[in-house]
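Notes follow the structure.
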There are 2 protein chains.
Amino acid sequence: MESRKKRHPGLVLSRRLRQTPFESRVIEQGAKAFTIYNQMPLASYFRSLKEDYDHLCEHVQIWDVSCERQVEIVGPDALALTELITPRDISRCDIGQCMYAPLVDENGGIVNDPIILRLEQDRFWLSIADSGVMLWVKGIAYGRGFDVEVFEPDVSPLAIQGPRSDDLMAELLGEHVRDIPFFRFIRSRLAETSFYIARSGWSGQGGFEIYLEEFSKGEGLWDCIWDAGQKYSIRAGCPNLIDRIEKGLLSYGSDMRLESNPYECGLDRFFGETKQAECMSSDALAAIWARGPSTRLVCLAVEGEPLTSPRNTCPVLDEAGRRRGYVTSLAHSTRFGANLAIATVDAEVSADGQTLSVDTGGPVLSRAVVKSSFWK
Amino acid sequence: MESRKKRHPGLVLSRRLRQTPFESRVIEQGAKAFTIYNQMPLASYFRSLKEDYDHLCEHVQIWDVSCERQVEIVGPDALALTELITPRDISRCDIGQCMYAPLVDENGGIVNDPIILRLEQDRFWLSIADSGVMLWVKGIAYGRGFDVEVFEPDVSPLAIQGPRSDDLMAELLGEHVRDIPFFRFIRSRLAETSFYIARSGWSGQGGFEIYLEEFSKGEGLWDCIWDAGQKYSIRAGCPNLIDRIEKGLLSYGSDMRLESNPYECGLDRFFGETKQAECMSSDALAAIWARGPSTRLVCLAVEGEPLTSPRNTCPVLDEAGRRRGYVTSLAHSTRFGANLAIATVDAEVSADGQTLSVDTGGPVLSRAVVKSSFWK
């Protein structure tokens, strides 16, 4: 096995890789490694993936997810523009509601998969994954002459995740936060700053996301939550690879890209029959649906020794040894006693129970079985 | 001084941060740290900034700059679209020519500063800095209904830089490569792959960039150049912070952003009076020019002990102690016996010889003097 040093070379953070409002605290809390996401650092783990995961499932964590940048669309044409870029029916989104909405281009390719927050009738935030959505939306708005402004506001999300999130946030903000339904948000205030707080977050353990709107108030906000969190055994954390694969939270860039379409990735469940005709992807999606997607994103239980996420493309083979796809994400789950993978495979070998194998670069292939659903 | 470990936390490379065709060789050659650029790893240094710099100025280096992604614009409206997105007069660009062309939005903000290569009459590559240009251009093309295709081709630049570049490449490709003029490119072939090779590169030491079009041929191409380079003392390298600041090579994201305009950054020298009226930024640039830019990007010679590039914003003060700007890039140059900085300062304190000071976070301010030109 490679040494940790080899697996994690040093990361040089220049001004180009923008500082987050919480960065000093993340470093103080001992983040051992980072990734870069939307030109911002994001911690990858603190103690180990496994230790972080175990803690997340039992206690409460505070995550600097500033890298989930916001793209604000505001103005008379805000709804029309937002409806153009996603097949999801955004007209049904209430003010105060979040919607997971894949952005799809005119060829049916996935541009990003943000959470859309409707702040006002004509004002949205797209809380984005790692691709240049702001320029995409701004380019379309310019090209079509929409009466909107599109920009990246000074907003940095801070996630509070884990089963004790409600207790902690109720203590800080009031009992009413327990009543925020899933994917709804309210206005609140703490540590001299006002913000939206949503019941959401990129984990399977529940919690909240606070959308800090004043960079300079970041450390104060973190400290306030940190201090109150001591009695709940709070720790600094970050999106956890094991947790997100178990729960089927897809990572744009890893599990899907512009080359992917929503049907391949199972994202059509978010629009399906209510796909609105106004979207730019409408014709392309109809054509893809008519011919049927040629590949599918599936869960694979991979047998054998614990595996770590590979750097190289990791081929998936059928029983005849033919290449039928590749792994896009991989982590070992102690809870489920297996290596859990997300993989793109040919549609004809994507059925539940299908036996495949994965070439992890070792001397023998690892047997793998397709699962019809994630490990929830 | 912080320890190296603290300055360079680990970097986790997932599938989202795309592999380059030369990555195995860069790791073999001992890159000590990386940055992420357009969702791809880019080495930051191999031995030290200073050692890498000294070698680059005397010998020849091979750089994996795959992260300079290409945005291809092809089709009947390719020239019209390219002229829309930059104030530079692209109609003057010959086939086989490169042009440095800031991309400027409808408000006069800098979107990116690519090198544009004209491959055919109606076919361009934008060799981009670190921002989502592909989606920007694709969004405008969609919005305006241009008859073009916009996509990221499988192209990975490999730079050969340093004073012995000509000798090495002449040996491999033929004596005619010595005659390639600056910012011109030709078609060539090596290691079973054909490519464009340009006299260009992000250093002040001269050299070439090879645009590899077949990912799978990357290691073979690297090895072929590596072997021939032994007698020229070739080393693996990467864009060098000291060299690029000395030469005034601006880094998008560090020295300029969407909030910057070309006049502030001195980029108007690339279009000036020949600014073409067809560009989307035409009106905004005229308005900015009429009122005069309020800030200027300047070179600062900063006195005192050798400094390293700061993570935090590093304020620039005037003699009365008022904040007048901030450092955007900083490195120590042994050759010039000074800390060389690039800084954004108020226009009224931007004249050559102006005395300022820089707050580097230490107990005393460092005296700094504005220089009218870079250290070439």
All positions within region A:308-329 that are surrounded by 21 or more Cβ atoms within 10 Å (Cβ to Cβ) and in contact (Cβ under 8 Å) with a residue 40 or more places away in the chain: A:SER309, A:CYS314, A:VAL316, A:THR328, A:SER329
Region A:163-198, subset without any contact (Cβ under 8 Å) to a residue 40 or more places away in the chain and of a type in the set (S, T, N, Q), residue farthest from A:GLY218 (Cα to Cα): A:SER188
Residues of region A:334-371 satisfying the condition of being assigned to a strand (DSSP E or B), surrounded by fewer than 19 Cβ atoms within 10 Å (Cβ to Cβ) and not hydrophobic (A, V, I, L, M, F, W, C): A:ASP346, A:THR355, A:ARG367, A:LYS371
Sole residue being under 18 Å from A:PRO181 (Cα atoms), of a type in the set (Lys, Arg) and without any contact (Cβ under 8 Å) to a residue 60 or more places away in the chain, chosen from A:ARG123, A:ARG118: A:ARG118
Helices (runs of 4 or more DSSP H) (entirely within region A:209-319) containing at least 1 residues that are touching a Leu at 6+ places or on another chain (Cβ under 8 Å): A:218-229, A:241-247
Subset of region B:308-320 [out of contact with any Phe, Trp or Tyr (no Cβ under 9 Å at 6 or more places or on another chain) and within 14 Å of chain A (Cβ to nearest Cβ)]: B:THR308, B:SER309, B:PRO310, B:ARG311, B:ASN312
Any hit, region A:31-49, residues being aromatic (Phe, Trp, Tyr) and closer than 23 Å to A:ASP268 by Cβ: no
Residue, nearest to the other protein chains (Cβ to nearest Cβ), within region B:8-45, restricted to residues that are in contact (Cβ under 8 Å) with a residue 40 or more places away in the chain and closer than 22 Å to A:ARG15 by Cβ: B:SER44
Among the candidates B:ILE140, B:ILE90, residue that is crowded, with 23+ Cβ neighbours inside 10 Å and either free of Cβ contacts under 8 Å to residues at least 12 places away in the same chain or within 20 Å of the chain's Cα centre (by Cα) (or both): B:ILE90
Residue in region A:67-77 that is assigned to a helix (DSSP H, G or I), in contact (Cβ under 8 Å) with a residue 24 or more places away in the chain and either away from chain B (no Cβ under 14 Å) or over 21 Å from A:VAL137 (Cα atoms) (or both) present: no
Residue match in region A:199-207 (condition: within 14 Å of chain B (Cβ to nearest Cβ), in a loop (DSSP other than H, G, I, E, B) and hydroxyl-bearing (Ser, Thr, Tyr)): no
Single residue of region B:143-191 satisfying the filter (farther than 30 Å from B:CYS279 by Cα and basic (Lys, Arg)) that is nearest to the chain's Cα centre (by Cα): B:ARG164
Given (1) over 26 Å from B:ASP359 (Cα atoms); (2) modelled with pLDDT under 95; (3) crowded, with 18+ Cβ neighbours inside 10 Å, index of the condition B:CYS238 fails: (2)
Flag for B:ASP227 being more than 23 Å from B:ILE27 (Cβ to Cβ), free of Cβ contacts under 8 Å to residues at least 60 places away in the same chain and exposed (fewer than 15 other Cβ atoms within 10 Å of the Cβ): no
Number of the exception - B:ASP113 against (1) in contact with a Gly (Cβ under 6 Å, 6 or more places away or on another chain); (2) crowded, with 20+ Cβ neighbours inside 10 Å: (1)
Selection status of B:GLY132, over 24 Å from B:CYS57 (Cβ atoms), touching a Gly at 6+ places or on another chain (Cβ under 6 Å), surrounded by 21 or more Cβ atoms within 10 Å (Cβ to Cβ) and without any contact (Cβ under 8 Å) to a residue 60 or more places away in the chain: yes
Only one of B:THR82, B:THR20 that is within 30 Å of B:ALA277 (Cβ to Cβ) and out of contact with any His (no Cβ under 6 Å at 6 or more places or on another chain): B:THR82
Residue in region A:262-274 that is within 14 Å of chain B (Cβ to nearest Cβ), in contact (Cβ under 8 Å) with a residue 60 or more places away in the chain and not β-branched (Val, Ile, Thr) present: no
Some residue of region A:286-294 being away from chain B (no Cβ under 12 Å), buried (at least 17 other Cβ atoms within 10 Å of the Cβ) and in contact (Cβ under 8 Å) with a residue 40 or more places away in the chain: yes
Residue count for region B:89-120, restricted to those that are charged (D, E, K, R) and in contact with a Lys or Arg (Cβ under 8 Å, 6 or more places away or on another chain): 3
Within region A:94-189, strands (runs of 3 or more DSSP E) holding 1 or more residues that are away from every other protein chain (no Cβ under 14 Å) and in contact with a Ser or Thr (Cβ under 8 Å, 6 or more places away or on another chain): A:98-100, A:115-120, A:123-127, A:156-161
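The values are calculated or read from the model by the stated rules, or taken from the named source; none is laboratory data. This structure is a prediction, so every number in the text was calculated from the model and none was measured. Here the Cβ is made from the backbone with ideal geometry for all residues, glycine too, and neighbour counts use every protein chain on show.
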